[in-house]
2 protein chains.
Amino acid sequence: MTSETESQTPPTPDSSPGVTGRPVFGRVTGGPARPEDAALAAELQKTLDGRWARARQTTREAMTPDMLSPLGLTMEEHRAHVLTQLGLLATSGIPELGFREEDGGAGDAGGVLTAFEMLGHLDLSVMVKAGVQWGLFGGAISNLGDAETRARYLPDVISLDLLGCFAMTELGQGSDVQNLETTATFDRETGGFVIDTPTPSAEKAYIGSAARDARVAAVFAQLITPDEAGEPDNHGVHCLLVPIRDEAGNDLPGVTTSDHGLKGGLLGVDNGLIRFDHVRVPHEALLNRFGDVDSDGLYSSSIESDGARFFTMLGTLIRGRVSVGAASGAAARTALALAVRYSLVRRQFDHPETGKGIPLLEYREHQRRLMPRVARSYAYALAQNAIIEELDEFETHPENFDVRRRREMESHAAGIKAAVTGFANDTISEARLACGGAGYMAENRLTTMRADTDVFSTFEGDNVVLMQLVAKELIGAYAAEFGNMDQRETVAFALSTVADVVQEKVRASTLWQKLVDSVTDRENTDLLDRGNQLELLVDREEHLVETVARRLRKAEGEDGAAAFQVFNSAQDHVLRAGRAHMDRWVFEQFAHAIEACEDPAAVEVLDMLCDLFVLDIVDGDKGWFLEHNRLTTERTKAATVALNRLSTKLAGRARTLVDAFAIPEFVFDVPMLTDGGVDAPSEAAQGVGGLE
Amino acid sequence: MTSETESQTPPTPDSSPGVTGRPVFGRVTGGPARPEDAALAAELQKTLDGRWARARQTTREAMTPDMLSPLGLTMEEHRAHVLTQLGLLATSGIPELGFREEDGGAGDAGGVLTAFEMLGHLDLSVMVKAGVQWGLFGGAISNLGDAETRARYLPDVISLDLLGCFAMTELGQGSDVQNLETTATFDRETGGFVIDTPTPSAEKAYIGSAARDARVAAVFAQLITPDEAGEPDNHGVHCLLVPIRDEAGNDLPGVTTSDHGLKGGLLGVDNGLIRFDHVRVPHEALLNRFGDVDSDGLYSSSIESDGARFFTMLGTLIRGRVSVGAASGAAARTALALAVRYSLVRRQFDHPETGKGIPLLEYREHQRRLMPRVARSYAYALAQNAIIEELDEFETHPENFDVRRRREMESHAAGIKAAVTGFANDTISEARLACGGAGYMAENRLTTMRADTDVFSTFEGDNVVLMQLVAKELIGAYAAEFGNMDQRETVAFALSTVADVVQEKVRASTLWQKLVDSVTDRENTDLLDRGNQLELLVDREEHLVETVARRLRKAEGEDGAAAFQVFNSAQDHVLRAGRAHMDRWVFEQFAHAIEACEDPAAVEVLDMLCDLFVLDIVDGDKGWFLEHNRLTTERTKAATVALNRLSTKLAGRARTLVDAFAIPEFVFDVPMLTDGGVDAPSEAAQGVGGLE
């Protein structure tokens, strides 16, 4: 345990989730045996904590065992528990970090994102419910409302006196938000709007807090005004604040909410549906920052193109995506820390020489299951820090961002969300399997984490759609996504811009120059050389982007149907390009973080983790590298050997590596680490022997 | 819907799991639009139903909506519900199929395994609880008890008048059963045995039915008798029947049961722990078929070696493994059928030409996510049928089985369990993701299936350990696993037997000759040629087995520690050999089934599915095929193109392919297939357009 976490309140006996009547035989109180390991963990933690280390530490110290996801509650009890937790959060000072000072906030986007990320160690229901209230609902008002609306609502939103929800998704439209069906029609008589659900598929669905707690909904709807001839004129999707429940919790007239009931996880979040039957709201309900309607029903906007306006308004979602990626990354680190600790104290089969049981982590396969994932979790944590820094700068100094940098940030927010949430599902599943039967017992937390993170791959943008967005940005089509180009124009546009965009961007960076200069032996290039690794990842990305652009060229001059066919038959290629881009970008953030680390021992370990991250990419995609003559068979084989060796080597330091995650010690007070199936602490302290 | 399922009772309105207050807008009543599709589905179903088609049909007709995994119950309510279902099963005539006629059964192992498999479509808690009662507990008595014991217990076991559990696993020993710690010590004074839990890690753990319902436990324990000097002599693991609860459900003296409480799934199964404090049982408690103790405490056995005896007694587990693989395969097929149906009626983004939403399955990526998994589910279903046939023959005609054939059967039972349960977890997860937000709502069943099957990778043998077993059998070390060889001897033994075992076995088969003869163009070999496919898979397996044996040779003459190091550093290689073997064996079962199919239209489709199965293997392991110069880069690239094309082609018939699974129609009466987010039936009947 690092010095930072030592100051925490020790877990109280009654916080133990042990089953009644079941003995507890000792306790892995943890902490590496040697002082130098603790020092190393502390240095690694510094790198992982990043710029918002102080916010992390404050949050860490405020964490208590009763914030852990509770077991054995009914759904309604769990919902009530989560609402109570939200009330405590409201008084913690954290939510106001996310709002501007002029709105009663503290203007610290990085701080609030960091704090919410850390809820991923404890209870993802609380994280999601908090994200709905302050990130999405509060964020919509903050980003899209005028000064008057912000002043009217935000203090109550921050203090939790007003609970809200974010009503975007509909039963029929999940990913295609631009085509959602709910309408907000200007009513000339009252000067207000009429909110309506015109078809069954237009019902708002999967909305967090809609089933029980929300009193007001931020409703996304097609904004319709009468044109000069009195015909409806659609200005695209806008957001309006619509009261849905009275103080007693009853649906308001014209509003019908219902409850999704049980879900695969996140049982503490009350997801529900909302239907509107010609619900009237006053004129000021429209969040009018980017589009307004005057009392005569005349529409005006500072942004001319419907697409561009939509795209700007969706800015609200970016923080949500960053937050979801961050919290699922935290959950994955928690799962890995649990599995690593278990693998050091759980023994199976006796060693032929000593006759003593062999700790699980001494097995090659167990090392292969856990250590590359530990390396990836470092990579993603550091990339997540980078995107939080970027978003924080954007929110405080938007003037530093031209269109291109802004799009790049948005693309990376989407890509890292898709990459990390997918990684979290995979990793928590593997951690659960790696803990055998114990991993399946809910008391050991892994199954709840797996169930809760599962939907992170779907909400705040489906991962497939997001990764496609990343790739489209790369091939220059991102502009068209929210512009008014049709598919054909998109393709034409793509052709003119692809080529060397990647090279140009990456190679302009000083890190690139530094790393490439460091390559000593170009003929006999080494996969453990940082510069070669970068070249390898950049080259793969370039090739994929260039070849996919060439395929899309076939659509030139074709009609819509044929152009769609061309796009669709290249979809797997497009997604591959997006993933390759994210691999390269994540790698760069890892390399930057190593550059910034000043502790030689920590740098040595981070270097190994970064190597393992790259080797895992190479091993996982070796078919591609061989097919495209990027690596010889000798080198791919060498990569696999190196992957195994490095996994073994880092397994010898596994406990230190997961201690650096600085997860509160009470999280590990689970039966599988304390009962009779595992070593007593004295033995555990010896760790894994026989490793390189 | 195939003709077989049309005769079923239509779902009654009150079986609809729709949330109260939520409208239901129509219903995908399903069934392919064209009569020829229904005919094709029926022919495919014949192949999938296999030899026990009649048992399947009987079970299918007996299935009702109230057998579906219930939603929204508390754990205790769910347990009670499952026990009620077990009571209904007890009167269905199915459980007796699993027992010999002389024991009051009907002697139809294939029939009972098939019926239990089909519970995987409905509720895995019921399947597991039934497996514990009749498969494991009943199976232990049936296989290990003498005539008197069988007559005394089995009628009540079959009728469910006596509920039991199978107490093998301990907190400290999961995979290493041979070294479990519970003791059964002969007591000269009474002539009985004393059952004891000597250490905390010896507590029986994760035992199904131990928390609540079981009154008797089949306890696996080290059997100890006094030797001539009065010192304890350990004869290895034996099984004894130990009463644990009285009629009122209270623990008997010396027995302490406790409850694991909530798990990641299977909430209807009451898993618990059992501790024994010097519990006395009479002499007849010992299931003495393979090892007995006389009234003087003298041990005798028809099998001399402790290892061989242990191995024989573990025969009980084989049926369990086959059953677990089969049921998780059924769950995977259910998940795929749900996801395929959803992908045909759920639309996202508008087609640029028609302006109409595009069904999910029209997207390349969606085809890639679902169709190779549909092909694999056919492969595994057919392989599962083959192993059931083999096991049924073994149980009815053991004389047909020499040691080698028996070991092969056991190895394949282990391997198919590992392969299919891993596949099921992956596939149900992917199916859930492919259904977006709807997939996460418990009412649509996917999340419960995912949570329930998760532990199938762990119980009845951890998948890693089982796949290792498969590989060890291949390299001739299987004998040593349960014999008395130490690690060094195992290695030496391995060296003498490996080499051409694979070739020899496969190439002796008539199918091999037939397929290889069919290869027309050896120079320009085609990946869609069945003979080439077999050569490719056999060759990979041979190479992996040979090279891993060569690596293990390094251990020759080394001491135990060094030998372990050699083994351990080759563990990933060993597992890869096991997986390659199972791929080849599953492929062969697929090819056999196609050979046996007489309907030309069905053969055409099965051929495509088999091709897709092989292409998926090649694409997933192309790095290996390239590294080892088995395929050129041109051919691996061609394999990927063919994989895409075939996925698209089969997507056009996806509904028929999943209809052939012949899952009762009421399983698809879920909100996501009936509510406003998806097409009305009239539109859905048109299916996916624009596919090749």
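Every number here is computed from the coordinates shown, using simple stated rules; none is lab data. A quick note: this is a predicted structure, and the numbers were derived from the prediction, not measured. Positions of Cβ are generated from backbone atoms using ideal geometry, with glycine treated the same way; all protein chains shown enter the neighbour counts.
Summary of computed values
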item: Square roots of five times the Cα gyration tensor eigenvalues for the range B:92-235, Å; result: 31, 19, 12
item: Test item: Cα-centred dipole of the protein assembly as shown, Lys/Arg +1 and Asp/Glu -1 on Cβ, debye; result: 1100
item: log₁₀ of I(q)/I(0) at q = 0.11, 0.20 Å⁻¹ - the range A:61-159, Debye sum with one point per alpha carbon; result: -0.33, -0.96
item: Residue among A:Leu382, A:His397, A:Thr354 farthest towards the positive dipole end of the range A:343-407, charges placed on Cβ; result: A:Thr354
item: Shielding by other protein chains, A:310-316, mean Cβ within 10 Å; result: 0
item: Nm distances between copies for B:Glu598, ranked from closest, using label points 7 Å along Cα→Cβ; result: 8.3
item: Long-range HN-HN contacts of A:Glu170 with modeled amide H, under 5 Å; result: A:Ala205
item: Fewest-first sequence of A:Cys165, B:Cys610 by Cβ atoms within 10 Å of each Cβ; result: B:Cys610, A:Cys165
item: Dipole moment magnitude, nearest 20 debye, chain B about Cα centre, only Lys, Arg, Asp, Glu C-beta charged; result: 2180
item: Label geometry 7 Å along the beta-carbon vector: B:Arg188 inter-copy distances in nm; result: 11.0
item: Chain A, relative contact order in percent, only Cα pairs under 8 angstrom and at least six apart counted; result: 18
item: Per-peptide average of other Cβ atoms within 10 Å, ordering B:144-154, A:628-638, A:258-268 highest first; result: A:258-268, B:144-154, A:628-638
item: Ratio of the Cα radius of gyration of the range B:620-664 to 2.2 N^0.38 Å, where N counts its residues; result: 1.65
item: On Cα atoms only, tilt of B:403-434 relative to the major axis of chain B in degrees; result: 50
item: Semi-axes of the equivalent ellipsoid for chain A, Cα gyration tensor, largest first, Å; result: 43, 33, 21
item: 37 °C / 0.692 mPa s Stokes-Einstein diffusion coefficient of the range B:277-365, Kirkwood radius on C-alpha pairs, µm²/s; result: 172
item: Dipole-positive endmost among A:Ala248, A:Val293, A:Met441 within chain A (Cβ charges, Cα centre); result: A:Met441
item: Residue mean of other protein chain beta carbons inside 10 Å, B:438-449; result: 5
item: Distance cut-off 25 Å, percentage of C-alpha pairs in the range A:275-429 lying past it; result: 55
item: Two-decimal log10 I(q)/I(0) for the range A:391-444, as the Debye equation yields it once each C-alpha is a single scatterer, q = 0.16, 0.26, 0.31 Å⁻¹; result: -0.61, -0.95, -1.07
item: Translational D in µm²/s for the range B:525-609 (Stokes-Einstein at 37 °C, 0.692 mPa s, Kirkwood Rh from C-alpha pairs); result: 217
item: Ellipsoid semi-axes in whole angstrom, largest first, where each is sqrt(5λ) of the Cα gyration tensor of the range A:540-692; result: 43, 19, 16
item: Convex hull of the protein assembly as shown built on C-alpha atoms - directionally averaged projected area, nm²; result: 49.9
item: Too-long pairs where the Cα-Cα distance tops 26 Å, listed order kept, from A:Lys129/B:Lys129; B:Lys46/B:Lys417; B:Lys472/B:Lys554; A:Lys622/B:Lys649; A:Lys356/B:Lys472; B:Lys263/B:Lys417; result: A:Lys129/B:Lys129; A:Lys622/B:Lys649
item: Antiparallel bridge percentage (DSSP; both residues within chain A; nearest 5); result: 85
item: Average partner coverage of A:619-629, which counts Cβ from other chains inside 10 Å; result: 5
item: Theoretical ellipticity at 222 nm over chain B - DSSP helices of four or more residues, -39500 (n - 2.57) apiece, nearest 500; result: -16500 deg cm²/dmol
item: The range B:166-314 - Rg over Rh from alpha carbon coordinates, Kirkwood radius; result: 0.98
item: Kirkwood hydrodynamic radius over Cα pairs of the range A:345-441, then Stokes diffusion coefficient at 37 °C and 0.692 mPa s, in µm²/s; result: 199
item: Nm distances between copies for A:Glu556, ranked from closest, using label points 7 Å along Cα→Cβ; result: 6.4
item: Most to least packed among B:223-232, B:134-143 [average Cβ atoms within 10 Å]; result: B:134-143, B:223-232
item: Normalised convex hull volume, the range A:154-230, alpha-carbon set, Å³ per residue; result: 129
